[in-house]
Amino acid sequence: MSFGSSARADQAPGASQPLALSLLQARELGLNQSLGRRQSSLGVRQAEAALAITGSRFLPHLNLVGLGSYAQVGSNVGFISNLATVGDLNFSLGRNGYTVIRNSFGNVGLALNYSLLDFSRTPLRQVASAELGVSRAVNAEQERRSRFEITAGYLNLQLADALIPAWQAALTLSNRLRRDVDAIRAKGLAARIDSFQAEALVATDEAGLAEARGQRRIASISLARVLNLPAQQTLVASDFLSPVAAWPLDEAASLAAALRQRPALEAIELQRQADLARARLARSALLPSLGVVLGGGINGDKLTFANTGNLNASAAVGSKGVAGSLPVASNGTASGSFYDYGVLLTLRQPLFDGGASRSSAELAQLLAESKAVARQQAEQLIVQTVQTWLSSQQTAGLQLEAARRAVAANERAVGDAQLRYRGSVAPLTDVLIAQRDLQVARAARATAIHRWNLAQAGLELETGSTMIVHGPSHLLRSQPHANNATHLLQHGGSGIRPAL
């Protein structure tokens, strides 16, 4: 029985056609579509934008500025002062004199601002650069974790796929046993309890097969989520369950590889550097800063008088950009333009900020010290995890060899027990026990292979290596059976022993 037909049999109603993937294909698809990878990549782009913003803060800023105003004032006192849109005007008005002034003013120019001296410039750039490094390290670590999640999900699907033919083989034997019992009992050579026990064995194996198919469906759903595929997509593992080559590094080399150039550790170190830069940034708040402003522009003004009443003098006009006199005995207009430019230096020296700078610097320093402790904790966790994966693979190797021998022995025991039962030499209980032991041994072998391969994936995660050997081993390829996974579970895979 092939895995593809098993997947179609277990397919949920309304689901799409099964998608067969190898481990390499699943990794490539998952890494391209992983939501975790997409999120961490966006984090890198955000950090790059933040660094660009920080750099632009200390570049010269050039602005085009403009101003326009219009004002109308009526007066009979001959004097106007502090009017923002007109300025100061003095008039010599006769008795009962009155005038209406209208003023239009326009200005356009350029203003350049530049920070000549700012001690916060370097710490700000260091913070932004460190944060960018953190984002890149997190992205690299997320790639490792996404690869592990995909591999683990694929291995779970492989295990579920392998357990289905194991239960099917057990059910086939159970049905055969039930037929034998019925035939023997029909001749009056077996007790009725034997039929009941055989029927119970068939029901147990049917329940086990249903559970295996359900677990396979769950594994397919879980892998589809990791690969960011539609929820209704059914997946098939085209790589059958087989032990990969043993991990080539010893414990010392594995630990050295796990601690060397580890993105997770690099991210913590860069966070510590960012906190130290924030401490320097907080201290720089009490240091002086020097800036310059360069400006220049063109101005235009138009002043209009409308005179009524007893006017017997002239008006001395002083407004924005305009100075002169107009005859007040009649209406008049004065206009003109001028240019201006200048340089402004600004010096800022904070004297007291209530201790905010000192407290901020102290807080950042403490955060940096906590990052140093966090790095040590992360290193200890990495060491523990590597040792755990190495121990797990070593244990799985021993279990795999023991399960191989158990499968071979129990297959012979089942055959012998059946012959003895048919010959009325042994009770049916011996057959039931032997068959149940065979099923347990087959499941144990599949679980040991899964545990072996999962430990390999965990060591890949911790060291950043990609040493998993994909596809069947040379011993499996040499076997002519059409379905090597089913053959491996049913016949024990004689001769396969992972090197430790």
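The values are calculated or read from the model by the stated rules, or taken from the named source; none is laboratory data. The model shown is predicted, which means the values in this text are computed figures rather than measured ones. Neighbour counts run over all protein chains shown; Cβ positions are idealised from the backbone, glycine included. Calculation scope for accessible area: heavy atoms of the full protein, side chains included, ligands and nucleic acids excluded. Shrake-Rupley method; radii C 1.70, N 1.55, O 1.52, S 1.80 Å.
Structure values in brief
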| quantity | calculated |
| --- | --- |
| Cα gyration tensor of the range 120-236 - equivalent ellipsoid semi-axes, whole Å, descending | 59, 11, 9 |
| The range 332-422, accessible area per residue, ligands and nucleic acids excluded (1.4 Å, Å²) | 64 |
| Debye log10 I(q)/I(0) for the range 400-471, one point scatterer per Cα, at q = 0.11, 0.12, 0.19 Å⁻¹ | -0.43, -0.47, -0.76 |
| Unit Cα scatterers, Debye sum, the range 210-261: log10 I(q)/I(0) for q = 0.32 Å⁻¹ | -1.20 |
| Spatial separation of Cα centroids for the range 95-144 and the range 257-307, in angstrom | 8 |
| Average accessible surface area per residue within the range 423-468, 1.4 Å rolling probe, Å² | 31 |
| Stokes-Einstein diffusion coefficient of the range 247-296, Kirkwood radius over Cα pairs, 20 °C, 1.002 mPa s, in µm²/s | 142 |
| Listed peptides 296-306, 446-456 by packing density, highest first (mean Cβ within 10 Å) | 446-456, 296-306 |
| Hypothetical label at VAL373: residues of the range 271-299 whose amide nitrogen lies under 19 Å (7 Å Cα-Cβ projection) | 271-276, 279 |
| Kirkwood-type radius of the range 164-289, with distances r between different C-alpha atoms, in Å | 21.7 |
| Where the range 151-296 is the region considered: accessible area per residue in Å², 1.4 Å probe | 44 |
